[in-house]
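Novice: One structure, pasted below without further comment.
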Amino acid sequence: MARIETPKRVRGTQDIFGEEQRRFARVVEAFEKVRRLYCFQQVQVPVFEATNVFARSMGETSDVVSKEMYTFPDRGDDLLTLRPEFTAGICRAYITEGWQQYAPLKLTTHGPVFRYERPQKGRYRQFHQLDAEIIGAAEPAADVELLTFGDQLLRELGISEGVTLQLNTLGDAETRDAWRAALVAHFEKHRGELSEDSLTRLEKNPMRILDSKDPRDRPVADAAPDIDAYLTSEAGAFFEAVTAGLDAARVAWTRNARLVRGLDYYRHTAFEFVTDGLGAQGTVLAGGRYDGLIGNLGGPETPGVGWAAGIERLGMLTEAPAAEQPEFVIIPVGEIAERFCTGLIADLRRRNIHCEMAFRGNLKKRMQRADAAGASYAIIVGDDELAAGEIAVRSLKSGEQARRKLSEVLSGPSGGRTFALVELTKGLDGIAGKE
Ligand code: ATP
Ligand code: MG
């Protein structure tokens, strides 16, 4: 007989459960909370787009476009790509949906993104990002607001202590061209000392040599000219305004003149929030200004600035919240009791009270289950007691148990009767039930 092969999880994907999932949810909840405080609107964009949306905006020579995208022809032979990030899709939507009328537009989204990378701790092929963008604002105040949002998210998660904001400017187009020429001249002089990867970068994207992780490149990269000497006065003033804004908002930052970011579309502000708590995968939140992107996509020239953060990486730094704990565990013993308890638990849950039903094993097993669930009270309902109009309530904190007359704990007309929780739990341990 042919054995059925057990299915495998696809390399680089994750099944997120338990403590890991609770950390994941905590990150998303914190993001939502801060999003509201900063008055950003939520947006949903497709998981896949026409390939050229990413190719044109992120740049053919970027790592993501040149080797990390999941690209496939669909059944109609359209070339599609699973989103490797959110920014390009949001900018595409801005153009196709005519969102210019709402500019400046402050948007957030979150969800899965896909990159064909070598999987390791903190690096997956399907991972999840939080994303925040301000589109249609050229002012440095927009950069400051976004960075302060990022900083507040880390504070909310209790991880800001171990994370540093590294900041750089890539200048305007004029600055970038002049700096790029100076970099090329420097790297050409030291060709012989560069890694093979960096020789390719030299042809296609010389700025990327600056943040090469290859130790062979470091001496040449570290000796390369800084952008500062090439900054136009406008670009210099823009960077000044951003750093002054961050200081005013009391967001700590450090200058990293070697920070260039992987994508071609960045202008002016570029930044990364970095921790040394995650080894090589230390960047938890990163972004910058992309004033050329929407124009590149064929839309009207529109400034923009944004960031994305890895939910898994943020989750790894945060403490896991406890699992949901019921306030009551309901324990029916007998068939009539079980039906009664089905009504009881539905009633409690409709009143926003967390509860669980223990319906497996003998009474002892069920009591153990109530204890293990971390509940405050167990409500024990037996057929015989029920026939006598009684149920039992036990405080799992004090161990005290009491019998209650149904006539005392139930109120309201029959059919719509609800439990008076104060009556149910009174005297057991001084903790009055919530009404
Ligand atoms: P890295 O240098 O780690 O590859 P990146 O510059 O490619 O990062 P971005 O494109 O800026 O990353 O994405 C924003 C954030 O998404 C990163 O700071 C990181 O937290 C997260 N991230 C990026 N790639 C992955 C991945 N493969 N798995 C998990 N998280 C990731
Ligand atoms: Mg990457």
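Novice: For the range 65-94, name all the residues that are within 16 Å of ligand 2 (Cβ to nearest atom) and not in a helix (DSSP H, G or I).
Specialist: Matches in the range 65-94: Met69, Tyr70, Thr81, Leu82, Arg83, Pro84, Glu85, Phe86.
Novice: Another one. State all residues of the range 249-277 that are within 10 Å of ligand 1 (Cβ to nearest atom), of a type in the set (D, E, K, R) and modelled with pLDDT under 95; if no residue qualifies, say none.
Specialist: The one that is within 10 Å of ligand 1 (Cβ to nearest atom), of a type in the set (D, E, K, R) and modelled with pLDDT under 95: Arg261.
Novice: Still on this structure: Of all residues in the range 95-125 being within 16 Å of ligand 2 (Cβ to nearest atom) and either assigned to a strand (DSSP E or B) or among the hydroxyl-bearing types (Ser, Thr, Tyr) (or both), which is surrounded by the most Cβ atoms within 10 Å (Cβ to Cβ)?
Specialist: Across the range 95-125, the extreme among qualifying residues is Val113.
Novice: Here's something else I'd like to know. Could you check Trp307 against (1) in a helix (DSSP H, G or I); (2) within 16 Å of ligand 2 (Cβ to nearest atom) and say which number it fails?
Specialist: (1)
So that you can scan it fast, the table gives a plain yes or no per residue for (1) free of Cβ contacts under 8 Å to residues at least 12 places away in the same chain; (2) within 24 Å of Gly59 (Cα to Cα); (3) in a loop (DSSP other than H, G, I, E, B); (4) in contact with a Phe, Trp or Tyr (Cβ under 8 Å, 6 or more places away or on another chain):
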residue: Glu240; (1), (2), (3), (4): yes, no, no, no
residue: Ala270; (1), (2), (3), (4): no, yes, no, no
residue: Val274; (1), (2), (3), (4): no, no, no, no
residue: Gly279; (1), (2), (3), (4): no, no, yes, no
residue: Gly288; (1), (2), (3), (4): no, yes, no, yes
residue: Ile294; (1), (2), (3), (4): no, yes, no, yes
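Novice: Is the range 105-114 home to any residue that is away from ligand 1 (no atom under 13 Å from the Cβ) and over 18 Å from Ala286 (Cα atoms)?
Specialist: Yes, there is a match, as at least one residue in the range 105-114 is away from ligand 1 (no atom under 13 Å from the Cβ) and over 18 Å from Ala286 (Cα atoms).
Novice: Name the one entry in Asp211, Asp226 that is touching a Lys or Arg at 6+ places or on another chain (Cβ under 9 Å) and over 26 Å from Gly279 (Cα atoms). Give the derivation first.
Specialist: Working: Asp211 fails: over 26 Å from Gly279 (Cα atoms).
One residue alone meets the criteria, Asp226.
Novice: Is it the case that the range 372-391 has a residue that's within 30 Å of Leu105 (Cα to Cα) and of a type in the set (D, E, K, R)?
Specialist: no
Novice: Which members of the range 264-297 meet the condition of being touching a Ser or Thr at 6+ places or on another chain (Cβ under 7 Å) and of a type in the set (D, E, K, R)?
Specialist: Asp264, Glu272, Arg289
Novice: Check off (1) touching a residue at least 24 places away in the same chain (Cβ under 8 Å); (2) within 16 Å of ligand 2 (Cβ to nearest atom) for Val34 and give me the number that stays unchecked.
Specialist: Going through (1) touching a residue at least 24 places away in the same chain (Cβ under 8 Å); (2) within 16 Å of ligand 2 (Cβ to nearest atom) one by one, Val34 breaks only (2).
Novice: From the list Arg261, Arg255, exactly one residue is within 16 Å of ligand 2 (Cβ to nearest atom), among the charged types (D, E, K, R) and under 30 Å from Phe127 (Cα atoms). Which is it? Walk me through it before giving the result.
Specialist: Values: Arg255 fails: within 16 Å of ligand 2 (Cβ to nearest atom).
Testing whether each residue is within 16 Å of ligand 2 (Cβ to nearest atom), among the charged types (D, E, K, R) and under 30 Å from Phe127 (Cα atoms) leaves just Arg261.
Novice: On to the next question. Out of everything in the range 278-306 that is within 8 Å of ligand 1 (Cβ to nearest atom) and buried (at least 23 other Cβ atoms within 10 Å of the Cβ), what residue ends up being farthest from Ile95 (Cα to Cα)?
Specialist: Filtering the range 278-306 for residues that are within 8 Å of ligand 1 (Cβ to nearest atom) and buried (at least 23 other Cβ atoms within 10 Å of the Cβ), the one farthest from Ile95 (Cα to Cα) comes out as Val284.
Novice: Given the criterion among the hydrophobic types (A, V, I, L, M, F, W, C), at pLDDT 90 or above and either in a helix (DSSP H, G or I) or under 30 Å from Glu161 (Cα atoms) (or both), identify the matching residue among Ala392, Ala370, Ala322, Ala378.
Specialist: Ala322
Novice: Related question: For residues in the range 325-367 being of a type in the set (D, E, K, R) and not in a helix (DSSP H, G or I), which is nearest to Phe127 (Cα to Cα)?
Specialist: Step by step, filter the range 325-367, then rank; the result is Glu356.
Novice: Looking at Ala142 and the list (1) part of a helix (DSSP H, G or I); (2) within 16 Å of ligand 2 (Cβ to nearest atom), which single condition is not satisfied?
Specialist: (2)
Novice: Considering only the range 211-234, state which residues are in a helix (DSSP H, G or I) and modelled with pLDDT under 90.
Specialist: Once the filter is applied, which keeps residues that are in a helix (DSSP H, G or I) and modelled with pLDDT under 90, the range 211-234 yields only Asp211.
Novice: Give the range 72-84 a look and list any residue that's more than 12 Å from ligand 1 (Cβ to nearest atom) and crowded, with 16+ Cβ neighbours inside 10 Å, or say none. Don't jump to the end; show me each part of the working.
Specialist: Within the range 72-84, the first condition is being more than 12 Å from ligand 1 (Cβ to nearest atom), and the residues that meet it are 72-82.
If the condition is that a residue be more than 12 Å from ligand 1 (Cβ to nearest atom) and crowded, with 16+ Cβ neighbours inside 10 Å, then Leu80, Thr81, Leu82 are the ones that fit.
Novice: Could you count how many residues in the range 56-81 are over 25 Å from the mean Cα position of the chain (by Cα), touching a residue at least 24 places away in the same chain (Cβ under 8 Å) and over 22 Å from Gly295 (Cβ atoms)?
Specialist: 2
Novice: If I filter the range 374-385 for residues that are touching a Pro at 6+ places or on another chain (Cβ under 7 Å), in contact (Cβ under 8 Å) with a residue 24 or more places away in the chain and among the aliphatic types (A, V, I, L, M), do I get at least one hit?
Specialist: Taking every residue of the range 374-385 in turn, at least one turns out to be touching a Pro at 6+ places or on another chain (Cβ under 7 Å), in contact (Cβ under 8 Å) with a residue 24 or more places away in the chain and among the aliphatic types (A, V, I, L, M).
Novice: Does Arg218 satisfy being at negative phi and free of Cβ contacts under 8 Å to residues at least 24 places away in the same chain? Give the steps one after another, and end with the answer.
Specialist: On the way: at negative phi: yes; free of Cβ contacts under 8 Å to residues at least 24 places away in the same chain: yes.
Yes.
Novice: Of the residues Leu146, Leu154, which is out of contact with any Gly (no Cβ under 8 Å at 6 or more places or on another chain) and buried (at least 22 other Cβ atoms within 10 Å of the Cβ)?
Specialist: Leu154
The values are calculated or read from the model by the stated rules, or taken from the named source; none is laboratory data. No experiment lies behind these values; they were computed from the predicted model shown. Counting neighbours? That spans all protein chains shown, and the Cβs are built from the backbone with ideal geometry, glycine included.
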